[in-house]
Structures are given as structure tokens and as C-alpha cells.
Protein chains: 2
Amino acid sequence: MAKNANPVRGTRDIMPQEMILRDDIESLILKTYRDHGFERIETPAIESLDYLLDSEGGENLKMLFTIMKRGEKLSLSKDADIRELCDIGLRYDLTLPLSRFYSNNSQNLNLPFKAIQIGNVYRAERPQKGRFRSFKQCDIDIIGDTTFAAEVELIDTTSKALERIGFGDFIVRINDRRILSGIIRSAGFDTDSVEIVSIILDKKDKIGRDGVINDLVEKEFPRDNAEKLLLMTEMLTEENLDTFEIDDEVKKNLKNVIQAIRSLAKDSYKIIFDPTLVRGMGYYTGMIFEISYGPYGFSIAGGGRYDNMIGKFSKESVPAVGFSIGFERIISIMMEENKYKPADYKKLALIYKSESEIASAVEQADQLRKLGYSVSLIKGKKKLGKQLSQLETYGFDYYLDGSKNEGVKELGTKS
Amino acid sequence: MAKNANPVRGTRDIMPQEMILRDDIESLILKTYRDHGFERIETPAIESLDYLLDSEGGENLKMLFTIMKRGEKLSLSKDADIRELCDIGLRYDLTLPLSRFYSNNSQNLNLPFKAIQIGNVYRAERPQKGRFRSFKQCDIDIIGDTTFAAEVELIDTTSKALERIGFGDFIVRINDRRILSGIIRSAGFDTDSVEIVSIILDKKDKIGRDGVINDLVEKEFPRDNAEKLLLMTEMLTEENLDTFEIDDEVKKNLKNVIQAIRSLAKDSYKIIFDPTLVRGMGYYTGMIFEISYGPYGFSIAGGGRYDNMIGKFSKESVPAVGFSIGFERIISIMMEENKYKPADYKKLALIYKSESEIASAVEQADQLRKLGYSVSLIKGKKKLGKQLSQLETYGFDYYLDGSKNEGVKELGTKS
């Protein structure tokens, strides 16, 4: 019996037409990143499970794909720990691998190190429209710069990349983890609760204001604190930020970034302070940012500062900040909006009569390739007319009948 | 305590300089493939374990990375089957995924379908120099063409790609699985033993003639048969192939391919019939081929015809043949031989004085990018002279001091 040929649940096959778009977009993004002085590196898709489980990846740690140890004896109790069975896992983002990479190779890298990473990450999410278990991210990170110049450079570079591939009129939302935790504590929560409260607040887009309050109450936090928290996030604006009691340096840096980006963006995109912005990962320590696009406010990029992660691998703590473009989201918007016409391949069918002509047909094909055609050899059928209309259906634009001396002809232009 | 920051055993981190080379080479290969009428597709790196285990992947099946089912209860006996614990695995090649892809999407594809796949595959090999557990392959396949024109097109396209990236003077070795199994049976082995005998014969490069004979004897095959087999593979040549009793069509097609490629190659590379060529996979059904390069005869590409694999997924049997470039081998040869000078990035450091100048420095950087520089913003230090020699060490070629009106200056040209 023939097997079901679907890809693994939550993943997808990508067809040729989409691949042309993806390849074009990926190289435009890569080119923009490189023009801005970033350098591409690559790490394996598999990482040690120890690192992954200890990485403050928030909810993503519940979605790890873990890989069986090899040759392991399977005499296990019901409560066996995952680490007894598995020793590696698939990466869920590109930030942890970069931190490990930097620590592993720091003796050959200079600070600030400006990294590009483009690759797939894996999360066993509940499959739903637009969410995949394997998806590509395009990240840039600056390692070794404590100043807000790093944030400005990341936001500017990412915005330029988005504009270059045809996205304009997006909104950069920015916050600082220290402002967020300040609000949470001011609302009456204790320091230990900041992380769980942040995670619940992050769901506001999906479950709404009342949903957040209910979830907090369900976790046995006082309803008063929950109400106060929501009110504070709603009242706080860029203008009244100064009245809020928090480290002056934090506020000043945030304002500086907003100001610099605003002057760079001119009117082509916006940047706003958004005190409800959380970003899921536990590893962020300072500014966090996200780019929303379109009427539904889809998040198409996200990032932030994570000054403590590299310290887990290195002896010294090294500051770092990164920004990641969600490649799949970008592509699916482009496909839906028909945003981009990929480079045109002039597909030509070179028709040959018999296999004995193959070698000379291949040589002829090379000549045609030099003229810019993408050439396929096709064996001629008896009824040329019928074959030509079939070739047209197959997406060919031109043909050349090798048995005649007539040159290249366009398909579908019936005279 | 700081963690060990090494990548997972058998994998590696890739540094910026190598990535520039890899990106250049990958796009040259991709461009060549597309010029020859192939179309790129992509499938996920994870595939159903059922498919993988049932794929006739030969020795590779012993090297599968398997991924734990999620939320599985671990009450297992010592002899639990891997399928009770794991439901997916990492692909070990790109051929099985392509067969599944074709079957899943055949209603939207035309025959012959000429596919490009470039991606990483995973094998838990014993780590050794030049062998990795995660490595990239560049495959082309033709689905739906039974004629030897498909083999010619694959070998021609792969050779052109290799020549384009600076590899010349290689040797294409070609054989046919049906000739191979014919020899094995003629030497006195029965049909059921053909696969295991092939696998042992395949090791001749590594363990030598005597090693092969010993291994066969160890598997309790008669020494006479083993000796006869080795002798036959050593005696058989392109010239005396006709005296060998095997299907005429098989011999004719093989000779046609050799002839066509020889006329295309002119003197820039060679093609030879090699009756000892096996190729590890169990799924090959017809011609098989490999490209060897350099004094050590490193295999840099391999492929063959696999007419039965797609039939496992589809109702109908569909002919298919593919050729894969071993990207890692190519890159490591290029790095060792210093074969290729990647595109030059003119790295420029734009020095700014204080964070308040960031926005205007970014604008200035954009102007410089338009002139072809890859620009990084660097905060100026007090001692400019010392900083400039540091920037030179860091690989910068040019600098511009934003606080002066002096234009771009070259680093390291002390006047």
C-alpha cells in the first residue's frame, strides 16, 4: 500500500515558485546586513540538551525536540528524566547558539562582534495557521557594546532590510525589561513573581484585558494588583515616562533610541514606546523591541538585550543585543499580498529528436544559457503542436526545435 | 562555573571568513543548476521515522538521529522498539525527502520534474577528520525520465557546476547496479546475498583487496567466490563489457552515457567505467556514478538511478535519478588549496564621537554604503592613532572620522 506522503505534522514542503521568492528575499536581507558591517556565521541545528534546558527560553523550553542518546538501554522507570534518554536537541532560536559560538570562538573574534545568522529553528508548537514547527529566522546581533548605539544600529539595519524587500509603514514597538519589571513590582507583585506575571501579560493580544486579569487571579495573585498592573500599562506613555520612578539611565537610553530612530525613519515607519511589550524569552535584561506590520499588527521581527547569557559559557560577562526577522511571516505576507515579482527565469525547452543527439543538444543548450536562458532538454514527441502547448502549460516561455534551423521561438504567441 | 562551549560532538561552528566562501559557492552552484532548467524546492529536516527506517538507506539507517515522541510515558521494557519512543528523525539524505515531496505534490508538478535541493543532512557517524554529523548537500534530480538523457543531463550539469567553482580535472566514475549484481551472481553468490556482498565490496578503498576477501569469508561466504568476485571486477573494462552476459540495453545505455559525456567533457575532465563502484544506498536500481578529485581521489559528488522509491509513496512507479555534490568536501578542499578568493567586502569603520551623533552618523553610513562600503559605526576613543591600528587588526580596510571633514581614508597606508 502506498504510504501517506505528508510532511511531518507542523512542517511543510516548499514549491519551486515560493523558493525563487525565498532565495531572492534571503539574499537581499543578507546583503543589507553585510552592507551594515555584520558578518555571517553558522552553528549546527543541534545543540547540547544541557544548554538548551538551562537557557531561560521561557515557554519555548516546553516545545523542545529532543534527540535520543544512541545505543541507550531502554530500562527506564516511569519517572525517568528526559536527560537520561536524550543528550541533544534541536535549537529553538538562534540566540543561545550564538552565545555558545561566541564563547567557543572568542579568541578569534574582535569586539564588538556583529553577527548574522540565517537558519531554521524548531519548536513543537500546536500547529495552527501561520505557525510552523520548523521555521527560518534572520538574526543580527551585536556582542560587546554596552551603549544604546547597538540598539540603534540593530533597529536601523533591520528596518532598512524590511524596506529593501518592500515592507514600509511598519511600527517598531520598544520597551525595557527593567521598566516592565518596575511596573509589575509597583503594582504590588513581588520580585519572584515578575517572570510569571510577564508571561501572562504577554498574552494580552490573544486573551484580552479580562483574560490577563483572570489568569493572574487564577494563579492566586490579588485581583487588586492585577487591575492596577493593567491600568498602569495603559496609562504609561513616552511623555509621562519621566514621572515614573525608575533608574534615570534606563529611561534616558530608551528615549535616546526612540529619538535617534525617529530622526532616521523620517515618515517611512514609526517607533513607539509600548509598556505592555514583554517578548517571551526569560533571557532579556534591557531594551526589548518588536516590529508590527499591517492592519492585523502581525509581529514580523523581534529582539532585545541579553547581557547575561554569554556569561554562562564564558568566565566574563559580555553584553549582547539582537534583532530577528521572522522569515516565514515575511514570506507568507508577500505571497498573500503579491508583494514581489521574483527575478524572471526565461525558461526555454530545447527539443531534441533522439538520444543520439544528446551531446550536441547539450552543447547547444550551453550557448543558449550564455544568452540568459534557463534551458531544459526535452525529447520531441511526434505531434509537435500538442507538445508545444503542453510545454506552455508547464511554464516554459520559449522553445527551440533542435532539428530545425529556426532559432528561439516564443511559446504562446500564436500568429 | 562556566560551561564548556563546544558544539555537539561531530558538528562545527563556521567562522565569518568561511561563510563568505560558502555563500558564494552555494549561489554559484544554485545558479548553474537553475540555468540548466532545474527548480529549487525545500523539505523539512525532520521526516517521519516510519519513512526513514523503511527507506533502504543502507548503513545510514544505523546512523539515524531519532526524536522523542512528545509527552510519552516512559514505562518501557528493555527491548522496547525505537518506534515506541520516537516518531520522527533527522533526514540522512535528500533523496528520500524528495520522493516523499514528489508524491505529496505531484498534482502540482509536471514531468519530467527537475528538482534542486540544497540543505543539511544528519548522520551519527563516528567523528573523524572531514566527516561531520551535520553536513550540507547540493542535489539535483530528474523525476519522470526513463531515458539515459537524464543521466547525461545530471552529469553534465554537476560537472559544469564544479568547473564554475574552480574544480577541473576530476574523474567521473560510472557503473550500473545491474552490472554489479550480475558480477556478484556470476561469481557464485545467490541473489539474496547481493546487497551484503555489495556493501563489503564498497569498502575496498578503505580495507583493500585482502580486507574485502577476509570480510566475505568471515560472513561465511566461500573463499573461492570471494576471489572470483575480486578478479572479475579487476578484469572487466569498458572495452570487454560486451563479452559479459548481461542485458544488452543496460550495457548500451551505459556506453551511450560515457560517450556523450566524453564528447562534452573534451579534455577538461574524464569519465570511466568502474565495475567496483557500489554507492552505499540500497535504493539504487540502475546507473550509479561518483566524481573523484585530486591525488587522493576524494569523492566530491555521487548519485544514481532509483526507480522504485517514489512507488512507495505513490500508486504508480515513477522513474528518478539524482546527483549530489558533497558541499563540505568541496569547501574543505577550497580552504586547503586556497582555491578561491571570495568577493571583497570593503570594510569601513565610521568613527563617531558621542552617542548624540548616532542618528547623523547612521545617515552618513548610508551614503557610504551606496558607494559600496560595508560600514560599521565605531565609537571614537581618545587616542585615535592607537584605535586606528586596532581597527586594522580587526580587518577594517578604511575609516572615516565623522568629527572631521576629511573623507574616507585607507587604513595601514602610513604616509
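The values are calculated or read from the model by the stated rules, or taken from the named source; none is laboratory data. What you see is a predicted model; the values in this text were computed from it and never measured. Glycine also receives a Cβ, built like all others from the backbone with ideal geometry; neighbour counts cover every protein chain displayed.
Of note:
- Just one residue in the set A:I325, A:I330, A:I271 is buried (at least 19 other Cβ atoms within 10 Å of the Cβ), touching a residue at least 60 places away in the same chain (Cβ under 8 Å), assigned to a helix (DSSP H, G or I) and in contact with a strand residue (DSSP E or B) (Cβ under 8 Å, 6 or more places away or on another chain); that residue is A:I330.
- Single unsatisfied condition, A:E245 versus (1) outside any helix (DSSP H, G or I); (2) under 31 Å from the mean Cα position of the chain (by Cα): (2)
- Among (1) under 37 Å from the mean Cα position of the chain (by Cα); (2) farther than 18 Å from A:L154 by Cα - the single one B:L384 does not satisfy: (1)
- Qualifying residue in region A:211-219 (condition: within 17 Å of A:I288 (Cα to Cα) and of a type in the set (A, V, I, L, M)): no
- Options A:I46, A:I14: the member that is surrounded by fewer than 22 Cβ atoms within 10 Å (Cβ to Cβ), at the interface with another protein chain (Cβ under 7 Å from one of its Cβ atoms) and under 29 Å from B:G10 (Cβ atoms): A:I14
- The residues of region B:353-377 that are hydroxyl-bearing (S, T, Y) and under 16 Å from B:S403 (Cα atoms), listed by number, are B:S354, B:S356, B:S360, B:S376.
- A:A349 meets each of the listed conditions (1) farther than 21 Å from A:F132 by Cβ; (2) modelled with pLDDT under 90 apart from (2).
- The condition of being aromatic (F, W, Y) and either within 12 Å of chain A (Cβ to nearest Cβ) or touching a Gly at 6+ places or on another chain (Cβ under 6 Å) (or both) holds for only one of B:Y398, B:Y306, that being B:Y398.
- Region A:27-43, subset in contact with a strand residue (DSSP E or B) (Cβ under 7 Å, 6 or more places away or on another chain) and either hydroxyl-bearing (S, T, Y) or more than 10 Å from chain B (Cβ to nearest Cβ) (or both), residue surrounded by the most Cβ atoms within 10 Å (Cβ to Cβ): A:Y33
- Of the criteria (1) within 14 Å of chain B (Cβ to nearest Cβ); (2) closer than 18 Å to B:D35 by Cβ, which one A:V408 fails: (1)
- Counted residues, region A:32-55 - those being touching a residue at least 40 places away in the same chain (Cβ under 8 Å) and farther than 30 Å from A:M68 by Cβ: 8
Here is a yes/no grid of residues against (1) surrounded by 22 or more Cβ atoms within 10 Å (Cβ to Cβ); (2) of a type in the set (A, V, I, L, M); (3) over 16 Å from B:M235 (Cα atoms); (4) in contact with a Cys (Cβ under 9 Å, 6 or more places away or on another chain):
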site	(1), (2), (3), (4)
B:F167	yes, no, yes, no
B:V172	yes, yes, yes, no
B:I184	yes, yes, no, no
B:T191	no, no, yes, no
B:V194	no, yes, yes, no
B:I199	no, yes, yes, no
B:D202	no, no, yes, no
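- Residue check, B:V318 within 30 Å of B:Q390 (Cα to Cα), within 12 Å of chain A (Cβ to nearest Cβ) and of a type in the set (A, V, I, L, M): no
- Single match in A:V257, A:V278, A:V250 (criterion: touching a residue at least 40 places away in the same chain (Cβ under 8 Å) and either surrounded by fewer than 19 Cβ atoms within 10 Å (Cβ to Cβ) or touching a Gly at 6+ places or on another chain (Cβ under 6 Å) (or both)): A:V250
- Within region B:1-21, residues that are without any contact (Cβ under 8 Å) to a residue 60 or more places away in the chain sit with their Cβ atoms under 7 Å from residues that are acidic (D, E) and outside any helix (DSSP H, G or I), at 6+ positions apart or across chains, in these pairs: B:P7/B:D13; B:I14/A:E42; B:P16/A:E39; B:M19/A:E42.
- Residue list for region B:120-157, restricted to those being under 17 Å from B:R91 (Cα atoms) and within 9 Å of another protein chain (Cβ to nearest Cβ): B:N120, B:Y122, B:A124, B:F132, B:R133, B:S134
- When B:N256, B:N214, B:N240 are checked against the criterion of being farther than 20 Å from B:E59 by Cβ and out of contact with any Phe, Trp or Tyr (no Cβ under 9 Å at 6 or more places or on another chain), a single residue qualifies: B:N240.
- Restricting attention to region A:342-379, the residues that are small (G, A, S), outside any helix (DSSP H, G or I), under 16 Å from B:T147 (Cα atoms) and more than 8 Å from chain B (Cβ to nearest Cβ) add up to 1.
- Residue check: B:E84 meets all listed conditions (1) within 9 Å of another protein chain (Cβ to nearest Cβ); (2) modelled with pLDDT under 95; (3) surrounded by 22 or more Cβ atoms within 10 Å (Cβ to Cβ); (4) assigned to a helix (DSSP H, G or I) but one, namely (3).
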